[in-house]
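Data first, discussion second: the structure below is written as C-alpha cells.
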Amino acid sequence: MVKAIRIREERCTGCRSCELICTLDKEGVFNPQKSRIKIFQDRGRGFDIPSVCQLCNPAPCVNICPSGALTKDGNRDAIIFDKETCIGEKCLQCISECPYGALDWNILDESVICCDLCGGDPECVKVCDSRAIQFEKCDPLEVMQQRKDLEKLLRPLLQNRAARIGRR
C-alpha cells in the first residue's frame, strides 16, 4: 500500500477551497494562480476536476528537467523543487511534460509551482468538505488506474494550456 492523494472528480463542487488554503499555507496569500492543486473546469461535460501531483514513478517532470531542479524525495515520494538550480522561463519543460497539469509557473517569483504534499499532511485535503480529494493508503494498482483516468479526463483541457506554455 502507498499513501496518495485520491481524486474523486464526481464529488468536486468547484468551491476551490483547496486552492485557497494551499496558497495561504505556501505563499501567505489567497491566490489560486499560485496553488499547487488546480481545479480544471470541464464546461462541456459540466464538472470540475481537481488535479495535483500524482507522484509518478518514474516522474516525467523530474526526468525531463535539464538542470536537476526537480527531484523525488524518497522518504515521502514528493517532488521537490530547487529554485536555485532551475533555469526558469528558458525551459519550462517540466510543466509541459506533466500529463496532469500539476506544475505551473509563478511569474512573480520566477519559479515552478509544485506540490510537496505539505510534508505528508496536505492542507487541501483538510478543507475538502465534499471529500473529492483524500490522502489515503491505496493499492498501487488503484493509483495507476487513477493516473490513467485523470490523464484521460484532463487531456482535452490541457491542450490549450500546453500551447500557451509553448508561446512563452
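Looking at the structure I just gave you, is GLU10 over 22 Å from GLU151 (Cβ atoms) and modelled with pLDDT under 95? I'd like the intermediate steps shown before the answer.
Values: over 22 Å from GLU151 (Cβ atoms): no; modelled with pLDDT under 95: yes.
Answer is no for this residue.
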*Could you list, in sequence order, the residues of the stretch 1-24 that are among the aliphatic types (A, V, I, L, M) and either surrounded by fewer than 17 Cβ atoms within 10 Å (Cβ to Cβ) or assigned to a helix (DSSP H, G or I) (or both)?*
MET1, VAL2, LEU20, ILE21, LEU24
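Filter the stretch 25-60 for residues that are closer than 27 Å to ILE80 by Cβ and surrounded by fewer than 18 Cβ atoms within 10 Å (Cβ to Cβ) and give the result. Outline the logic, then answer.
Step one: list which residues in the stretch 25-60 are closer than 27 Å to ILE80 by Cβ, which gives 25-40, 49-60.
Result: ASP25, LYS26, GLU27, GLY28, VAL29, PHE30, ASN31, PRO32, GLN33, ASN57, PRO58, PRO60.
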*Restricted to the stretch 104-133, and to residues that are in contact with a Phe, Trp or Tyr (Cβ under 7 Å, 6 or more places away or on another chain) and farther than 19 Å from GLU84 by Cβ, which residue is surrounded by the fewest Cβ atoms within 10 Å (Cβ to Cβ)?*
VAL125
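Select, from ASP129, ASP139, the only residue that is farther than 16 Å from CYS22 by Cα, of a type in the set (Asp, Glu) and out of contact with any Pro (no Cβ under 6 Å at 6 or more places or on another chain).
On the way: ASP129 fails: farther than 16 Å from CYS22 by Cα.
Testing whether each residue is farther than 16 Å from CYS22 by Cα, of a type in the set (Asp, Glu) and out of contact with any Pro (no Cβ under 6 Å at 6 or more places or on another chain) leaves just ASP139.
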*Residues of the stretch 25-67 being within 12 Å of the chain's Cα centre (by Cα), farther than 17 Å from VAL125 by Cα and in a loop (DSSP other than H, G, I, E, B), which ones?*
CYS56
_Close pairs from the stretch 66-91: first among the β-branched types (Val, Ile, Thr), partner in a loop (DSSP other than H, G, I, E, B) and modelled with pLDDT under 90, Cβ under 7 Å, at least 6 apart_ = ILE80/ASP73; ILE80/ASP116
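The values are calculated or read from the model by the stated rules, or taken from the named source; none is laboratory data. Note that the coordinates shown come from a computational prediction; the quantities given were computed from them, not determined experimentally. Cβ: placed from backbone, ideal geometry, glycine included. Neighbour counts: every protein chain shown.
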